[in-house]
Amino acid sequence: MDPTTATAQPKEALPCARVAVLAPVRGLFSYRLPGELEASIGVGQLVEVPFGRSRRRGVIVEICDGRAEPEGLELKPICGLVQGEWIDPALLRTLLWSADYYLAPPGEMVFAALPPAFRKLGRLAGASQRQAVLPVEPGDASGLTRLQDRAPLQARVLRAVQEAGEVLLADLEQRMPGARAAVRALEAKGLVRREARELLRDPPRADLPAPKAIEHLGAAQQRALDAVCQALDAQQFGVQLLHGVTGSGKTEVYLRAIAHALRAQRGAILLVPEISLTPQLLSRVRDRFGRQVAVLHSALGSGERLDEWRRLKTGRARVAVGARSAVFAPVQAPGLIVVDEEHDSSYKQSERLPYHGRDLAIIRGREESAVVLLGSATPSLESFHHARSGRYRLLEMDQRIDGRAMPEIELVDLRQLVDPLERSQTLSPRLAEALAEALDRNEQAILFLNRRGYSSFALCRDCGQTLRCDNCSVALVHHLASDQLCCHYCGLSRKLPERCPTCARGRMQLFGLGTEKCEQEVRRRFPGARVLRLDSDSVSGRGKLDALISRFARGKADVLVGTQMVTKGHDIPGVTLVGVLLADLGLHLPDFRAAERSFQLLTQVAGRAGRGERPGRVIVQTFLPEHESIVLAREGRFVDFFERELARRQALGYPPAGRLLLVRTSCEDAQRSAELARQVAASMRRHGPDTVRVLGPVASPLSRIRGRYRWQLLVKCERVGDLQRVAQAALRQVRVPAGAKILFDVDPVDML
Ligand code: ADP
Ligand code: ZN
């Protein structure tokens, strides 16, 4: 026996639990398990615990005997259970892994997996939890006569309830104000009773043309599906990357793979970049799987979200569809996790609680022994690299369905447009001509410009100053609809001044273009055309976007002008022309992924053309037609682009050749923000191993947002574990002053 343990006073075993508490703190907390709870408690159980001077929600992560706790420490007891609510083990492991990896407070990470209703103490109420009122003695009219004179409202309520046999309390209240109190009084008299009723609601649907039924898969689709089904049958974790050109029919492969998982009594998760942008995909999933589908949509009310979540948790729905946070959907025994358009940057949450939905899909898949299917026409460098090195299985579909041609892409060199009149226009003569031809043939067109608003900046003709936001380091953008200058970061808006506020002399002139200006120009030059605009200004309300896309899909409009919202996934056979108004936007951003993003965006938007029987054509306007992203996208040479870009990343140690951590500080006080960033950098340099390189700190490219000054530093290394180690050391050593914030972003996507 070990002599040290023999002499030490053995510590008494005391049942206790390690809890991830919903609070912005890293680490777990220990609580005593009261005897009466001991039997009914387990890992994953939601609890309420004392925390500081308040109570918080938390999740039990581990049950232990308390011997590891420091001597003499008095543990507080758990104060209560959230009855019947727990997180399934594989999901909990995914969340704890994520908290570790992304350096996030574990409680916050765990609660990110739950509907917001779970965060608050107190009773949970879903939208479907309605109260029905029923008569206690259905045929008994005696109570009614007794009430008639003394309490007329109660009498009316009782009559309504007796006549209908059962009425929803909410409906009663609406018909007869004050009915709620009357019901309570009737209940006390023993005349009515209440029961909870589940309301089955059909979520709103976009009114889209019915997709044609697909009878036979193409050969490439069948090969891809067979590979996925084989992996599903093996019931083992594995990742497959489906690289299929635009229009190769990836959706059908996803749907049949999901059906296969369901047949094997397993569930499925389908992740999409932005759920509101995919009404077509959503309606195809619902057509196929009906009530088995739960949609996790941020536009749902909190009660509705809880309902959808419950349907999954109880196994009544087995397929979850949603944006990045749906990776945490409580699907029972998921066998398949599909990530559509896996390259899309909206899978990355960058602001609060950074995590990558696609990467967590892989971790969740591993924990659930599920198959993960990543799909894209333009896979991310990271994923394609893994496929090449054999970590993922690569499935290729390099032809469009039915042998349809890939659209022809033509470049218009804007430098060649010498005529200043031509240059000031949004549409080059080439694009205008192509648009006129398409309209003549009753075909549809999409025009893409990655900037909303009317002009991109307002400049003084005299002193040359531009109007900038008071809170953010960006120019204000003019919007025609509101006739206001707006900040796209903080929402500040103001009137366009008559005279320049800087020199008080010059007149302001609007320069550059946005989607509004483009829409206006198309209307002006093609008065007969029916034009729609799709950007976050035009579709701010719920349901508006569905309506707009379905109008275009039904052929009720000829031209769709919009931001990157028009590039994503839409499958509209009538579209034969795609115009890219200025491909250069985005090429010059100070971000190592700028070239990759441009390549993806061009390929994706071009892929909207010619998806029906008639061939498509694409016209790309640019000042840099020789840029590699543009040239290779035009020629559809994904693999060549991948190899060249990979070589560049390898030379610089950027992902996928190395790992990155971005640390960003922000504070209303510029000095304090800079100083905090300097301290973090110094601490990391002191304590990091030699393989870790700390670059910066520097002011962020967007150096001020909403009045907060931003500084950042970039940490590069080969092995990801080192990032977490240096970050944890810095977190221990550096004190964050009041008003300042520090954000650790592992595998950052937003570098600005
Ligand atoms: P992707 O997502 O690869 O760009 P989609 O899944 O949207 O492509 O499919 C493109 C179009 O081809 C859709 O209109 C779809 O209905 C159709 N399609 C897919 N598979 C088949 C098939 N096997 N036979 C006929 N049409 C198909
Ligand atoms: Zn602003």
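Taking the stretch 354-412 as the range and being assigned to a loop (DSSP other than H, G, I, E, B) and either in contact with a Pro (Cβ under 8 Å, 6 or more places away or on another chain) or within 16 Å of ligand 2 (Cβ to nearest atom) (or both) as the test, the residues that pass are 354, 370, 404, 405, 407.
With respect to residue 599, is the statement that it is at pLDDT 95 or above and among the aromatic types (Phe, Trp, Tyr) true?
Judged against the criteria, residue 599 is a match.
Scanning the stretch 215-224 for residues that are part of a helix (DSSP H, G or I) and in contact with a strand residue (DSSP E or B) (Cβ under 9 Å, 6 or more places away or on another chain) yields 220, 221, 223, 224. Residues in the stretch 464-522 that are away from ligand 2 (no atom under 16 Å from the Cβ) and touching a Lys or Arg at 6+ places or on another chain (Cβ under 6 Å): 6 in all. From the list 350, 298, 376, 346, the lone residue that is polar (S, T, N, Q), out of contact with any Leu (no Cβ under 7 Å at 6 or more places or on another chain) and closer than 19 Å to residue 244 by Cβ is 376. For the stretch 686-732, the candidate set comprises residues that are part of a loop (DSSP other than H, G, I, E, B) and among the acidic types (Asp, Glu); within that set, the residue that is farthest from ligand 2 (Cβ to nearest atom) is 690.
Comparison of 566, 559 shows that the only residue that is at pLDDT 90 or above, under 22 Å from residue 406 (Cα atoms) and out of contact with any His (no Cβ under 8 Å at 6 or more places or on another chain) is 559. Do we find that residue 287 is part of a helix (DSSP H, G or I), within 16 Å of ligand 1 (Cβ to nearest atom), charged (D, E, K, R) and farther than 24 Å from residue 223 by Cβ in this structure? So residue 287 passes the test.
Here's the yes/no breakdown for (1) within 16 Å of ligand 2 (Cβ to nearest atom); (2) assigned to a loop (DSSP other than H, G, I, E, B); (3) more than 17 Å from residue 447 (Cα to Cα):
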position: 598; (1), (2), (3): no, no, no
position: 604; (1), (2), (3): no, no, no
position: 610; (1), (2), (3): no, yes, no
position: 621; (1), (2), (3): no, no, no
position: 632; (1), (2), (3): no, no, yes
position: 647; (1), (2), (3): no, no, yes
position: 650; (1), (2), (3): no, no, yes
position: 656; (1), (2), (3): no, yes, yes
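One residue stands out in the stretch 502-523 among those that are loosely packed, with under 14 Cβ neighbours inside 10 Å and of a type in the set (D, E, K, R): the one that is nearest to the chain's Cα centre (by Cα), namely 507.
Each row is one residue, and each column tells you yes or no for (1) in contact with a strand residue (DSSP E or B) (Cβ under 7 Å, 6 or more places away or on another chain); (2) touching a residue at least 24 places away in the same chain (Cβ under 8 Å); (3) on the phi < 0 side of the Ramachandran plot.
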| position | (1), (2), (3) |
| --- | --- |
| 619 | yes, yes, yes |
| 623 | no, yes, yes |
| 632 | no, yes, yes |
| 636 | no, yes, no |
| 641 | no, yes, yes |
| 660 | yes, yes, yes |
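Restricting the search to the stretch 199-220, which residues are at pLDDT below 75 and basic (Lys, Arg)? Those that are at pLDDT below 75 and basic (Lys, Arg): 201, 205.
Taking the listed residues 232, 336, 255, 306, the one that is hydrophobic (A, V, I, L, M, F, W, C) and either within 16 Å of ligand 2 (Cβ to nearest atom) or surrounded by 24 or more Cβ atoms within 10 Å (Cβ to Cβ) (or both) is 336, with no other qualifying. Among helices (runs of 4 or more DSSP H) entirely within the stretch 53-155, having at least 3 residues that are modelled with pLDDT of 85 or more singles out 89-101, 106-111. Does the stretch 252-271 contain any residue that is modelled with pLDDT under 95 and farther than 21 Å from residue 362 by Cα? No, that holds for no residue. In the set 255, 282, only one residue is under 30 Å from residue 599 (Cα atoms), within 12 Å of ligand 1 (Cβ to nearest atom) and either in the same structural domain as residue 338 (by TED's automatic domain parsing) or not in a helix (DSSP H, G or I) (or both); that residue is 255.
The values are calculated or read from the model by the stated rules, or taken from the named source; none is laboratory data. Fair warning: this is a prediction, and the values are worked out from it, not measured in the lab. FYI the Cβ positions are ideal-geometry reconstructions off the backbone, even for glycines, and counts take in every protein chain you see.
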